[in-house]
Amino acid sequence: MENTIRSLQQEITDFEITTHADLEAFRLKYTVRKGLIAALFGQLKTVAPADKPRIGQLLNQLKLTADNRIDEEEAKLAANAGDSAKRIDLTLPGRRYFTGSEHPVQKVLGEMKQIFSAMGFGIATGPELELDRYNFDLLNFPPDHPARDMQDTFFVTTGNPDTDLLLRTHTSPVQVRVMLDHEPPIRVICPGKVYRNEAISARSYCVFHQLEGLYIDKKVTFADLKATIYSFARQMFGTDVKLRFRPSFFPFTEPSAEVDVTCYLCGGKGCRVCKKSGWLEIMGCGMVHPNVLRNCGIDPETWSGYAFGMGVDRTVLLRYKIDDIRLLFENDLRMLRQFPA
Ligand code: DAH
């Protein structure tokens with residue numbers, strides 16, 4: 001018995017306690033009512049009377065050691081917990097999370113949409129992966145017509161002219177989709193991304209944004225087109241802006257024009273951006289070609305209309321004084337963070 005007590009005494013002193021779980025294991029093994037120490041007390045009655053006082057004392061000593069050990073370890077664990085609480089430095093500044101914000105292209109597009117919505121234009125969208133037919137044929141680009149070369153195309157499939165796909169080179173195919181799906185009168189704008197296989201530089205990128213406009217009704221004239229563009233340009237670029245319509249060519253409009261606004265950076269005096277001309281080109285436009293109306297099931301004897309298409313990115317670059325179009329597409333946070341919500 002004495003030997004058992006001594007070896008337990010040693011065990012209790014050496015028992016490794018580093019966590020609350022260790023402490024609980026210790027308690028369950030030695031000090032609970034059904035633990036080893038209580039069991040030894042139970043055996044005390046079998047000890048010879050002469051040895052009882054000595055063994056009893058040893059057992060009391062053992063019990064005391066175990067109880068003390070529990071008190072000590074409890075205190076240590078509590079002190080450690082206090083330590084780690086102390087390690088939290090409440091004076092440190094909190095972590096800041098970057099809140100997303102509207103991309104500058106979307107801001108400008110949003111303004112454009114608002115101006116046209118107020119004039120009664122609805123918004124239509126179409127796929128960026130477009131049928132060759134919609135991007136070219138139905139817009140009156142004859143096969144092998146050199147006008148197709150005006151736009152360097154990313155072709156996706158080649159073979160069957162009815163199912164050939166490409167990345168749309170302009171938003172004009174959305175006009176086709178709207179006309180095929182809706183009876184006139186039609187008054188929509190079609191904003192979106194377009195793709196061209198061009199050499200990438202600070203001034204041109206393989207993807208950019210356009211906003212297309214289409215108005216079909218009875219007796220629509222070029223005067224309606226001019227009035228709409230004037231109203232848009234004044235709201236977008238300032239009331240002092242002057243416009244210039246230059247004759248041009250697009251297969252899907254006749255007559256066609258390109259529109260310039262007085263350079264809103266130099267007020268028309270001539271600067272580096274407008275290449276000293278005082279003018280900035282903003283869009284192409286014209287009266288929808290009768291062939292296009294016919295291709296889309298609309299009778300050109302009854303209906304007429306105008307269309308226009310403008311680039312969005314250039315306005316973004318000028319508005320925010322960004323000198324490289326690539327910055328609009330690279331999603332570099334150093335750039336985007338300069339446009340907080
Ligand atoms: N789609 C032409 C382009 O990308 C722009 C354009 C010109 C659109 C005249 C039109 C238009 O709707 O009438 O260069």
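Before moving on, here are some points about what is shown:
- The residues of the stretch 308-330 that are among the aliphatic types (A, V, I, L, M) and under 30 Å from Gly286 (Cα atoms), listed by number, are Met310, Val312, Val316, Leu317, Leu318, Ile325, Leu328.
- Evaluation of Val207 against (1) under 22 Å from Met119 (Cβ atoms); (2) within 14 Å of the ligand (Cβ to nearest atom); (3) β-branched (Val, Ile, Thr) (one fails), failing number: (1)
- Scanning the stretch 7-19 for residues that are exposed (fewer than 12 other Cβ atoms within 10 Å of the Cβ) and outside any loop (DSSP other than H, G, I, E, B) yields a count of 4.
- Restricting the stretch 150-197 to residues that are aromatic (Phe, Trp, Tyr) and within 16 Å of the ligand (Cβ to nearest atom) leaves a set whose member that is nearest to Gly284 (Cα to Cα) is Tyr195.
- For the stretch 315-335, taking the residues that are out of contact with any His (no Cβ under 9 Å at 6 or more places or on another chain) and hydrophobic (A, V, I, L, M, F, W, C), the one that is nearest to Ser204 (Cα to Cα) is identified as Ile325.
- Residues that are assigned to a loop (DSSP other than H, G, I, E, B) and under 30 Å from Glu24 (Cα atoms) do occur in the stretch 76-93.
- A single entry from Thr221, Thr253, Thr228 fulfils the requirement of being within 16 Å of the ligand (Cβ to nearest atom) and in contact with a strand residue (DSSP E or B) (Cβ under 6 Å, 6 or more places away or on another chain): Thr253.
- Looking across the stretch 1-39 at every residue that is under 13 Å from Thr65 (Cβ atoms) and aliphatic (A, V, I, L, M), the one that is nearest to the chain's Cα centre (by Cα) is identified as Ile12.
- Any hit, the stretch 260-275, residues being away from the ligand (no atom under 16 Å from the Cβ), assigned to a loop (DSSP other than H, G, I, E, B), assigned by TED's automatic domain parsing to the domain that holds Asp181 and under 26 Å from Pro185 (Cα atoms): no
- The set of residues in the stretch 156-177 being assigned to a strand (DSSP E or B) and surrounded by fewer than 19 Cβ atoms within 10 Å (Cβ to Cβ) consists of Leu165 alone.
- Subset of the stretch 290-303 [touching a helix residue (DSSP H, G or I) at 6+ places or on another chain (Cβ under 8 Å) and buried (at least 16 other Cβ atoms within 10 Å of the Cβ)]: Val292, Leu293, Asn295, Cys296, Ile298, Trp303
- Residue match in the stretch 310-323 (condition: within 14 Å of the ligand (Cβ to nearest atom), small (Gly, Ala, Ser) and either crowded, with 19+ Cβ neighbours inside 10 Å or not assigned by TED's automatic domain parsing to the domain that holds Ile186 (or both)): no
- When Ser277, Ser304, Ser248 are screened for being among the small types (Gly, Ala, Ser) and closer than 21 Å to Arg148 by Cβ, only Ser248 passes.
- From Phe136, Phe154, Phe141, residue being among the aromatic types (Phe, Trp, Tyr) and closer than 30 Å to Leu318 by Cβ: Phe154
Results for (1) free of Cβ contacts under 8 Å to residues at least 12 places away in the same chain; (2) hydroxyl-bearing (Ser, Thr, Tyr), shown as yes or no for each residue.
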site	(1), (2)
Tyr205	no, yes
Tyr215	no, yes
Asp260	no, no
Leu265	no, no
Cys271	yes, no
Trp279	no, no
Ile282	no, no
Ser304	no, yes
Ala307	no, no
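The values are calculated or read from the model by the stated rules, or taken from the named source; none is laboratory data. Every value quoted in this text rests on a predicted model; they were computed, and no experiment measured them. Using ideal geometry, Cβ is built from the backbone for each residue, glycine included, and neighbour counts are taken over all protein chains shown.
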